[in-house]
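To start, the structure under review is shown below, and the notes come after it.
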């Protein structure tokens, strides 16, 4: 079993081994994965099929955006994250910016060396779960993503989709969620009425065929923050989401779940 780490700010994960293929998810800097097929790593023009360590998601990533990890390094990795909206570090002496939630799992000190690459990070570090899952903390973390553009398969403040947004906010509290909304909807306890909800509960929405296609975080019984066009706050009632600006009914409510 061989493992790799993302060495760029955001590494697209695609359905097939081609740049034109659909982006199904992303690896953020420092996140790790298991190699399934392909390579060699760091070579331009090739793709490697991987399985993400955090959620088991599979896809094809550019080999040039990955580096091998020694087994012993995987064994002693932490769950530390980068806490700021954008975090500067040095790659072979040149500055790069990585997004909120990028991983410091392999950094034992401020320095990290992999496959001839030298990384240096002198910024702040956050340990998931260090703060409690309270209405105030949930609102604070979710607000960091406000107005982030919607991006199918996105998982960062540079571009994010609905389930990626929920996954990233919950990860801040050391709660690991699956990648897709329909997978997340299988977790937690059902809440029958919006009036019974609390901040941090998750609302799921379905399409005309009854498939769950959207998710958002309830701020209270009347408002929801979600990624739709951009990360935004809208009204919600028992029927679904109402766009705050236009009054348009945009999503049909299917179920509300409590995970914490």
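Throughout, read-outs are computed from the coordinates displayed, never taken from laboratory work. Note that the structure is predicted; figures quoted are calculated from it, not measured. Methodologically, a virtual Cβ is constructed for each residue, glycine included, from the backbone with ideal geometry; neighbour enumeration extends over all protein chains shown.
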Point to revise | Full-stretch length increase - residue 132, residue 80 - with 0.36 nm per residue and alpha-carbon distance subtracted | key: 17.1 nm
Review point. Taking the chain as a Gaussian network, Cα atoms linked when under 10 Å apart, which of 47, 126, 29 shows the biggest mean-square fluctuation?
Key: 126
Check your understanding: Using helices alone, what [θ] at 222 nm do you get for the chain, with -39,500 (n - 2.57) per DSSP H run of 4 or more residues, divided over all residues and rounded to the nearest 500?
Key -> -2500 deg cm²/dmol
Practice item. Could you check the simple spin-label distance between residue 108 and residue 2, using points 7 Å along Cα→Cβ, in nm with one decimal? Key: 2.3 nm
Check your understanding: Which order do 61, 52 fall in if you start with the one that has the fewest other Cβ atoms within 10 Å?
Key -> 52, 61
Point to revise | As computed over the stretch 139-260, the Cα convex hull volume per residue (Å³) | key: 95 Å³
Study note, to complete from the structure: Candidates 218, 91, 202; GNM for the chain (alpha-carbon contacts under 10 Å) flags as most fluctuating 91
Review point. When Cα extents along the principal axes in Å is calculated directly from the model, which label among [x] 43, 41, 34; [y] 55, 37, 31; [z] 95, 40, 20 fits?
Key: [y]
Point to revise | Folded to 0 to 90 degrees: helix 162-171 orientation relative to the chain principal axis, Cα | key: 70 degrees
Practice item. In nm, give the distance between the simple-model label positions of residue 235 and residue 51, each being 7 Å from the Cα along the Cα-to-Cβ direction. Key: 4.7 nm
Point to revise | Full-extension gain in nm, residue 190 to residue 244, via 0.36 nm per residue minus C-alpha separation | key: 16.8 nm
Point to revise | Computed E for residue 19/residue 92 - FRET, C-beta separation, R0 22 angstrom, nearest 0.05 | key: 0.35
